[in-house]
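The values are calculated or read from the model by the stated rules, or taken from the named source; none is laboratory data. Fair warning: this is a prediction, and the values are worked out from it, not measured in the lab. Every residue, glycine among them, receives a Cβ derived from its backbone with ideal geometry; neighbour counts consider all protein chains shown. Each accessible area value is taken on the protein alone, full model and side chains, heavy atoms only, with ligands, DNA and RNA left out. Shrake-Rupley method; radii C 1.70, N 1.55, O 1.52, S 1.80 Å.
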Amino acid sequence: MQNKKLVNGRSEAVVDPDDRGLTYGDGLFETIPVRDGQLCLWNYHMDRLLDGSRRLGLPEPPLSLLREEARYLVRDIEKAVLKIIYTRGSGENRGYAPPSRPLPTRVLTLHEPPKQTVGNWFEGVDVNICKTRLSSQPALAGIKHLNRLEQVMARGEWRDQGVAEGLMLDENGLVVEGTATNVFVVQSSALVTPALDYCGVEGVMRRRIIDLAPELGLRVEHRGLYPEELGDVDELFLTNSVIGVWRVRSVAKSTIAQGHIANRFLERVAQDSLVPDQVMRTLDMPK
């Protein structure tokens, strides 16, 4: 996928070193799976990008142009990950003050799908509890802004390839999300996911799962969960737009109960993610 990039619509262009996305993290990004040339859950991603732009006071992103550029990059591509970065552009002067007339930068890059063992879907995954905490900032909660230093620090806490993910807690010790995933637990007929009022990212796949919950007879609850509560749930699973759904089999080496709800969700979202073909063939896909 060499040279599969566009900067403001040009394949040969580069990002200005003074771009505020680079100097201050002043911008947003989306990570979009590509399957059989299709941009998975595109509208969900654009909804979040639009919401984030409004909340940061960025000019409204040119959604039609982004779609045109994205389609140009993914034509004839079987599987890939498309990353869209949207920043406030270069400042008029140095300093934090936003420019009065920003000229946003848009960067689209195409990447090979991440390499994941199929056992993550067949057998479930083992996860840790991260020491790095998520700080509280309601103004940024939910959006996918460019400053991901907390996640970078948390992901640097382990090198064990047998650990697939780390759960991150807030300042009160409640589970919020994984370093790159959202968290769900099943308790009786309830699907519980942490509230993201003060920190965390409202993942696109998280939204898709919440939308599907009524079809599975589940009511959705948004509330905090302490790590010690996870041992008593019916099941625990993680989601993001690339992996779809992973069942969790242990947290910090403590065994987690296994159920069937996670796989039922996986059957419904597999086509919208980069679930491996070997796994896809085993799923009872909805008609």
| message | For region 232-259, which positions are more than 13 Å from the chain's Cα centre (by Cα) and assigned to a strand (DSSP E or B)? | response | 235, 236, 237, 246, 247, 248, 249, 250, 251, 254, 255
| field | Matching residues, region 10-30, being surrounded by 14 or more Cβ atoms within 10 Å (Cβ to Cβ) and either in contact with a His (Cβ under 9 Å, 6 or more places away or on another chain) or part of a loop (DSSP other than H, G, I, E, B) (or both) | value | 15, 16, 24, 25, 26, 27, 28, 29, 30
| note | For residue 128, the lone unmet condition from (1) surrounded by 18 or more Cβ atoms within 10 Å (Cβ to Cβ); (2) part of a loop (DSSP other than H, G, I, E, B) is (2)
| field | Count of region 31-57 residues which are buried (at least 21 other Cβ atoms within 10 Å of the Cβ) and closer than 15 Å to residue 88 by Cα | value | 2
| Looking at (1) open to solvent by less than 50 Å² (accessible area, probe 1.4 Å); (2) within 21 Å of residue 229 (Cβ to Cβ); (3) in a loop (DSSP other than H, G, I, E, B), which is the one condition that is false for residue 158? | (2)
| Subset of region 185-213 that is over 18 Å from residue 48 (Cβ atoms) and open to solvent by less than 20 Å² (accessible area, probe 1.4 Å) - its residue that is farthest from the chain's Cα centre (by Cα) | 190
| note | Taking region 222-266 and keeping only residues that are closer than 22 Å to residue 197 by Cα and surrounded by 14 or more Cβ atoms within 10 Å (Cβ to Cβ), one is left with 224, 225, 227, 229, 230, 236, 237, 238, 239, 240, 241
| query | What pairs can you find where one residue is in region 205-221 and in a helix (DSSP H, G or I), the other is open to solvent by 20 Å² or more (accessible area, probe 1.4 Å) and not charged (D, E, K, R), and their Cβ atoms are less than 7 Å apart, with a gap of 6+ or different chains? | reply | 205/240; 207/44; 208/41; 208/44; 210/220; 213/220
| Residue check, residue 137 touching a residue at least 12 places away in the same chain (Cβ under 8 Å), open to solvent by less than 50 Å² (accessible area, probe 1.4 Å), over 19 Å from residue 273 (Cα atoms) and not in a strand (DSSP E or B) | no
